[in-house]
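The values are calculated or read from the model by the stated rules, or taken from the named source; none is laboratory data. Quick caveat: nothing in here was measured; it's all calculated off a predicted structure. Cβ placement follows ideal geometry from the backbone for every residue including glycine, while neighbour counts extend to all protein chains displayed. The area values use the complete protein model at the heavy-atom level, side chains included, leaving out ligands, DNA and RNA. Shrake-Rupley method; radii C 1.70, N 1.55, O 1.52, S 1.80 Å.
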Amino acid sequence: MAQSANDRRRINGPEESFPPVFDDEDEDDFKLKTQRKRGPGDIRPIFLQPGLISQANGSAYIETEKTKIACAVYGPRQSKTTTYSEKGRLNVEVKFAPFSCTRRRAPMRDAEDRSIGVSIHQAIVSSIRLELFPKSTIDVFITIIENDGIEGCIASGSLAASTALADAGIEMLGLVASCSAAIVGDGIQLDPTEAEARASSGTVILACMPALDSITSIWQSGQMSADLSLKCMEQCYERCNDIHSVVAQSLLEHRKTD
């Protein structure tokens, strides 16, 4: 019996093949991406909608151009641990959607998810009256649908979490507003994008409760002098007052429609 010349168990490659072409970022393209269409002291427009997830006790969706985040709050509910605690416990879990970044992410949580969760937890935990919920747990689940920089994710995630907690009717000391800043060249740019943050020498994220004139969290990375760091904090704090009015107005309009 004559043996066939083609091996059926092996997939033969094409007769002609070409090397892959990779999209390499040129310096000119990177400069175009870092050019701002807004002033250095302006932030991206904020779209904030509470109460979009009907199954949750409270929820919020926030969108700032290419940063899109959904947040759901469940609780307060009885803690699963057997030990008695006089204060309630706040859990914050952050998860990236697989399609949220330029490169597809694995569905499993990694160190970046946990670090963002810790930063958001630190920003909002002091605004909640946990002493009113003994042996209880409040779970906050944040899903990043589209990512345009870690700084924007932390600031927008803190806003969405605070709005969702207020939507759930959980007693709080005040609403949390958050803003980020980056040192690009010799100037300060508020609310930097991912490209601007990569081109910067340092970034600052400030979270505060403007109604009580108190700061809940400060997160800094990179290199900057003490004077520049203080200037970043001052500009972020001023902008947080405007962001606070946006959050309060969105909650008021949502209550009127209910």
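In segment 77-99, how many residues are more than 28 Å from THR67 (Cα to Cα) and part of a loop (DSSP other than H, G, I, E, B)?
Qualifying residue count, segment 77-99: 10.
With the checklist (1) open to solvent by 100 Å² or more (accessible area, probe 1.4 Å); (2) modelled with pLDDT of 70 or more in hand, flag the one item ALA5 doesn't pass.
With (1) open to solvent by 100 Å² or more (accessible area, probe 1.4 Å); (2) modelled with pLDDT of 70 or more applied to ALA5, the lone miss is (2).
Do any residues in segment 81-104 that are open to solvent by 40 Å² or more (accessible area, probe 1.4 Å) have Cβ atoms under 8 Å from those of residues that are among the hydroxyl-bearing types (Ser, Thr, Tyr), where the two are at least six apart or on different chains, and which pairs are they?
That search, which allows pairs on different chains as well, returns SER85/SER79; ARG89/SER79; ARG89/SER136; ARG89/THR137; ASN91/THR137; LYS95/THR143.
Among the strands (runs of 3 or more DSSP E) lying completely within segment 149-241, list those that include at least 1 residues that are open to solvent by 20 Å² or more (accessible area, probe 1.4 Å) and on the phi < 0 side of the Ramachandran plot.
Numbers: elements: 177-184, 187-190, 202-209, 214-222.
Where strands (runs of 3 or more DSSP E) fall fully within segment 149-241 and carry at least 1 residues being open to solvent by 20 Å² or more (accessible area, probe 1.4 Å) and on the phi < 0 side of the Ramachandran plot, they are 177-184, 187-190, 214-222.
Determine whether PRO134 is over 29 Å from ARG36 (Cβ atoms), open to solvent by 30 Å² or more (accessible area, probe 1.4 Å), without any contact (Cβ under 8 Å) to a residue 12 or more places away in the chain and not hydrophobic (A, V, I, L, M, F, W, C).
Working: over 29 Å from ARG36 (Cβ atoms): yes; open to solvent by 30 Å² or more (accessible area, probe 1.4 Å): yes; without any contact (Cβ under 8 Å) to a residue 12 or more places away in the chain: no; not hydrophobic (A, V, I, L, M, F, W, C): yes.
Taking the combined requirement at face value, the residue does not satisfy it.
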